[in-house]
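Written out below as structure tokens is the structure these notes cover.
The values are calculated or read from the model by the stated rules, or taken from the named source; none is laboratory data. Quick caveat: nothing in here was measured; it's all calculated off a predicted structure. Here the Cβ positions follow ideal geometry from the backbone for every residue, glycine too, while neighbour counts run over all protein chains shown. When the accessible area is computed, the model is the full protein with side chains, heavy atoms only, and any ligands, DNA or RNA have been set aside. Shrake-Rupley method; radii C 1.70, N 1.55, O 1.52, S 1.80 Å.
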Amino acid sequence: MTFRLYPNIQIEKQLGYHRKLHKDLFNAAVNNRFTQYQKFNHKVDYFEQQNCLPAFKEVWTEYKQINSQALQATLKRVDFAFERWFKGLGKHPRFKSIRHYSGWTYPAKSGYSVESNGENGYLSLSKIGRIQMRGKAKYWGKPTTCTIVYRNGKWYASITVDVLDQVLKPEVLPTGAIGIDLGCKSALSITDGENHQQIDAPKFFRNAEQKVKKVSQEKRRKRAPKRNKKVKASRRFKKVQLRVSKILKKVANQRQNWVHQVATEIVSSNSFVATEKLVVKNMTSKAKKGTLRQSSVTKRKKQKAGLNKSILDVGFGMLRSTIKYKVEQIGGVFVEVPTKKVKPSQTCPKCGHQHKKTLDIRVHECGVCGYVQDRDIAAAEVMLYWAKGNLPGLGTSLVDAESSSSTSYTRKQAGSMKQLGTKKRQKSVEVSASNELRDVETHSSGGANYG
Ligand SMILES: [Zn+2]
């Protein structure tokens, strides 16, 4: 959560001075890495630079007054920039002018102290002073890190807090047990085996997508910066860019609010939640069309699908992890159902019969027992029954669920081709085994997974 800071003139001078020192350290560290490499072919890493800090402070004594963990955090920024560059994710690290240097971070609980209950208050920085701050945090706890940011002539403090010890365990654990299917037509399809509920993704997801798309189009018509040709971005380009970042920030806030609302409501009456291990589906209808006609999709359509994916899917990822976090906080059980093993969307929750459904089939209609249900609700039912250990056909236990979801599966996924081969073999063995068990004909086998 970010607080606006209101320093007096003296303190503002100090803040500016500290910012300059951190900037100089950043540039010195970048320079050190380049010259060491160019002259001696030596790659400097973070720890080498960190170990140089005491000697550095003997020469540049003004750094003695700065919190050493904050200095380390600045070296970490350099390290991060280089790491990103090495991985091809970021640009070549450059020296930064003071205009482009935002501030510094206190990575631990030293060098600063906060007097606040989450709304307004004071921030004290060692060697700088006590500063009034204004702002309101949604969640509050023990401050863990503090980042000082200078932006557009204003100072801010971005403080992260530990909310862990703030969550109170309820006296009586809610007794509800539910299965949740995330994504596809409804954002959430929830069932407790008798009652079903579907929650749609809020409209702002879609609205934001359209807005971002529109503004991005405008942006493409403005003069973008070209660093290698020394072309600066036009004023209009910067203006539009600011608008894009404002929209994205707003969406991020709305998304967070929605996620917390939904997760809180779920946990208020349930302490047993089963859901899929990984959500790899395309969540929006537009993106879905894209995958169905993959061969004929143009590049732009793919980009569009990618955008949908980013805004909505990030929401689902957050939703899932927030529910998990909250369930575990109250002492409940969160079961990760291994999708490939259980195949929630292809299995009948009543009899366990498996039948492949393509994405456009929205209703589960069992050919064996005649059970008819909404596709996503049926999938949620399968997950709930499986997690409870009473899914017909595929019997299992909680122990099985946890071990398969958290360890062996991930290890296998990260494995080599050879391991992938064994995985496939195991899978087909599994399928045939369960076929025998149920003694009914199934159409499922390895290969395509409609998850
Ligand atoms: Zn059935």
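Tell me whether region 5-19 contains one or more residues that are closer than 28 Å to Trp85 by Cα and open to solvent by 60 Å² or more (accessible area, probe 1.4 Å).
The first filter runs over region 5-19 and keeps only residues closer than 28 Å to Trp85 by Cα, leaving 18-19.
Next, only the ones that are open to solvent by 60 Å² or more (accessible area, probe 1.4 Å) stay: none.
No; the residues of region 5-19 include none that is closer than 28 Å to Trp85 by Cα and open to solvent by 60 Å² or more (accessible area, probe 1.4 Å).
Where in region 59-163 are the strands (runs of 3 or more DSSP E), entirely inside, with at least 3 residues that are aliphatic (A, V, I, L, M)?
It comes to 154-162.
I need a count of the residues in region 205-251 that are closer than 19 Å to Ala187 by Cβ, open to solvent by less than 40 Å² (accessible area, probe 1.4 Å) and without any contact (Cβ under 8 Å) to a residue 40 or more places away in the chain.
0
What number of residues in region 376-396 are at pLDDT 90 or above and within 15 Å of the ligand (Cβ to nearest atom)?
7
With the checklist (1) modelled with pLDDT under 85; (2) under 22 Å from Lys388 (Cβ atoms) in hand, flag the one item Gln346 doesn't pass.
(1)
So for region 34-43 (the condition being touching a Phe, Trp or Tyr at 6+ places or on another chain (Cβ under 9 Å) and over 21 Å from Thr105 (Cβ atoms)), does at least one residue qualify? Outline the logic, then answer.
We begin by selecting, within region 34-43, every residue touching a Phe, Trp or Tyr at 6+ places or on another chain (Cβ under 9 Å); these are 43.
In the following step, the residues that additionally are over 21 Å from Thr105 (Cβ atoms) were identified as 43.
Looking through region 34-43, at least one residue is touching a Phe, Trp or Tyr at 6+ places or on another chain (Cβ under 9 Å) and over 21 Å from Thr105 (Cβ atoms).
Please indicate, with yes or no, whether at least one residue in region 78-93 is in contact with a His (Cβ under 9 Å, 6 or more places away or on another chain), open to solvent by 40 Å² or more (accessible area, probe 1.4 Å) and farther than 21 Å from Trp155 by Cβ.
Within region 78-93, one or more residues are in contact with a His (Cβ under 9 Å, 6 or more places away or on another chain), open to solvent by 40 Å² or more (accessible area, probe 1.4 Å) and farther than 21 Å from Trp155 by Cβ.
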